[in-house]
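All remarks here apply to the structure that follows.
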Amino acid sequence: MEAASKGVPLPKFLAETYAKQMETLHYLPVPFHQMKQVRSDINNLPLYHLALFSRHSRAYKYWKDVLRYSTPQLPLDYREEKTDGTEFND
């Protein structure tokens with residue numbers, strides 16, 4: 001595979017290849033470092049990269065703000081609470 005011969009990690013290779021394909025549809029280029037990595041709740045494993053593709057540069061101003069002010073994903077607490085604030089016993 002082309003990615004292995006160049007020493008590029010597969011997720012980065014796939015994301016950059018997709019971004020190049022989007023450029024052929026006249027979307028503005030998106031570098032890999034402007035893609036947001038999304039991780040799983042279990043073991044904090046990487047799932048995918050989220051990217052914005054637009055034909056207008058103004059969209060990237062907002063995307064940079066999203067990246068700057070975003071926080072790491074937090075796990076959801078699936079425990080239920082009673083109305084008095086105590087937890088249900090499993």
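The values are calculated or read from the model by the stated rules, or taken from the named source; none is laboratory data. Fair warning: this is a prediction, and the values are worked out from it, not measured in the lab. Reconstructed Cβ throughout: ideal geometry from the backbone, glycine too, with neighbour counts over all protein chains shown.
Restricting attention to the range 5-23, which residues are of a type in the set (A, V, I, L, M), in a helix (DSSP H, G or I) and surrounded by 14 or more Cβ atoms within 10 Å (Cβ to Cβ)? Hits for the range 5-23 are 14, 15, 19, 22. In the range 24-61, the residue that is modelled with the highest pLDDT out of those that are loosely packed, with under 11 Cβ neighbours inside 10 Å and assigned to a helix (DSSP H, G or I) is 24.
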